[in-house]
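The values are calculated or read from the model by the stated rules, or taken from the named source; none is laboratory data. Every value quoted in this text rests on a predicted model; they were computed, and no experiment measured them. Neighbour counts are summed over all protein chains in view; Cβ atoms, including those assigned to glycine, are modelled from backbone coordinates with ideal geometry. Side chains included, ligands, DNA and RNA excluded: accessible areas come from the protein's heavy atoms. Shrake-Rupley method; radii C 1.70, N 1.55, O 1.52, S 1.80 Å.
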Amino acid sequence: MKLFNCHTHTLFSHDGKGTIEELCCSAEENNLSGFAVTDHCDCEFSEDKTMLRNLSLSYKEAEKFKEIYKDKLIISKGIEIGEALFNPGFAENIINSYDYDVILGSVHAVRIENFDMPFSVIDFTAFPDSFIDRYVTQYFEDLLETAQSSDYDILCHLTVVLRYIVYKYKRNVGINKHLPVISEILKAVIKRDKTLEVNTSGIGDGYFMPEKDIIMLYKTLGGKRITLGSDAHSPSDIKKGLNEGAELLKSLGFNELTFYEERKPKTYKI
Ligand SMILES: [Zn+2]
Ligand SMILES: [Zn+2]
């Protein structure tokens with residue numbers, strides 16, 4: 001069974017390295033059916049000329065290698081829209097400017113005054129518990145609004161805020177308190193016939209985003225469309241965690257995965 005990776009970055013992302021050609025080579029070596037090129041478009045940086053130029057280059061390169069590799073790999077021309085709520089008009093404009101195969105919807109920063117920068121750059125060590133609670137609550141609220149109102153095909157790395165607050169800064173977050181809003185997020189994905197991503201980039205630390213219990217909740221609520229993304233920021237990570245993710249999903253009763261071309265969902269058996 002050949003897997004498809006719905007989520008990768010290249011040197012056209014601020015935190016990525018490697019070219020699309022290198023991703024193609026790595027995908028072939030790792031026996032993938034294909035992958036989506038999904039460089040970052042974080043909407044709080046809508047004035048950043050470098051990001052805008054990189055998005056254009058990313059699209060052109062994906063288009064070029066989609067053609068070159070058409071007999072060997074399926075390459076989806078995609079984008080990861082972060083924080084669409086920060087600037088919905090900009091997000092819409094970017095999506096309409098290119099002929100994308102797939103749009104990822106993500107939240108990497110939340111709408112809290114003075115702390116609306118990406119959570120990857122915030123030091124959460126010294127905040128009181130009450131702020132941590134407010135911050136995580138706002139993350140889920142922002143993701144819910146994104147899931148309900150933004151334009152996307154795949155909702156990405158649900159619970160990623162915990163990568164920083166819990167795994168990096170060792171703060172305590174009781175996830176149970178947030179289950180009602182997580183449930184609403186999953187229902188929005190299902191109702192709009194979108195797809196939930198299982199992000200495997202945390203596999204080295206032993207976790208998926210979201211975790212198994214939330215994937216089970218998605219299934220219980222009627223969720224069928226699901227996909228795997230390694231969120232590779234380097235070509236060598238193109239298959240990181242995908243086999244483990246596929247095994248987990250099979251064990252939970254999912255027997256097919258989704259990827260996108262021309263923004264239409266396609267499925268394959270696992
Ligand atoms: Zn992301
Ligand atoms: Zn990403």
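Can you pull the Kirkwood radius for the stretch 1-124, inverse mean 1/r over Cα pairs, to one decimal in Å?
Working: mean 1/r = 0.0662 Å⁻¹.
Answer for the stretch 1-124: a Kirkwood hydrodynamic radius of 15.1 Å.
Hand me the trypsin sites (Lys or Arg not before Pro) from the stretch 40-78 located in a DSSP loop with no more than 12 other Cβ atoms within 10 Å, in residue order please. List each step's numbers first, then the result.
Working: sites: LYS49, ARG53, LYS60, LYS64, LYS66, LYS70, LYS72, LYS77; in loops: LYS70, LYS72.
Sparse-neighbourhood loop trypsin sites (Lys or Arg not before Pro): LYS70, LYS72.
Think of each Lys and Arg Cβ as +1 and each Asp and Glu Cβ as -1; about the Cα centre, that makes the dipole of the chain roughly 840 debye.
3J(HN,Hα) along the stretch 134-151: 5, 5, 5, 4, 5, 4, 5, 5, 5, 5, 4, 5, 4, 4, 7, 10, 8, 8 Hz, from the Karplus curve 6.51 cos²θ - 1.76 cosθ + 1.60 with θ = phi - 60°, whole Hz, x for Gly and Pro.
Each of LEU155, ASN31, PHE45 was placed along the dipole of the stretch 4-269 (beta-carbon charges, centred on the mean Cα), and the one lying farthest toward the positive end is ASN31. Once all Cα-Cα distances of the chain are split into 5 Å bins that start at 0, what whole-number percent is in each one? Per 5 Å bin, starting at 0, the Cα pair percentages come out as 1, 6, 14, 18, 20, 18, 13, 7, 2, 1, 0, 0.
Please work out how much length the chain gains when fully extended from ARG192 to VAL173, using 0.36 nm per residue of separation minus the C-alpha to C-alpha distance, in nm with one decimal. Don't jump to the answer; show the numbers that get you there.
Details: separation 19, 0.36 × 19 = 6.84 nm, distance 2.92 nm.
Between ARG192 and VAL173, full extension yields 3.9 nm more.
Computed per residue of the chain from DSSP H runs no shorter than four, each worth -39500 (n - 2.57), the mean residue ellipticity at 222 nm is -11000 deg cm²/dmol.
Given a 10 angstrom Cα cut-off, can you work out which residue in SER130, SER106, SER201 is the most mobile in a GNM of the chain? The residue that fluctuates most here is SER130.
Quote the charge dipole size of the stretch 147-239 about the Cα centre in Debye, to the nearest 20; the model charges only the Cβ of Lys and Arg (+1) and of Asp and Glu (-1).
With Lys and Arg at +1 and Asp and Glu at -1, about 260 debye.
Counting only protein heavy atoms and a 1.4 Å probe, the chain has 44 square angstrom of accessible area per residue.
Quantify, in whole percent, the carbon and sulfur part of the accessible surface of the stretch 4-269 (1.4 Å probe; protein heavy atoms only). Carbon and sulfur atoms account for 48 percent of the accessible area of the stretch 4-269.
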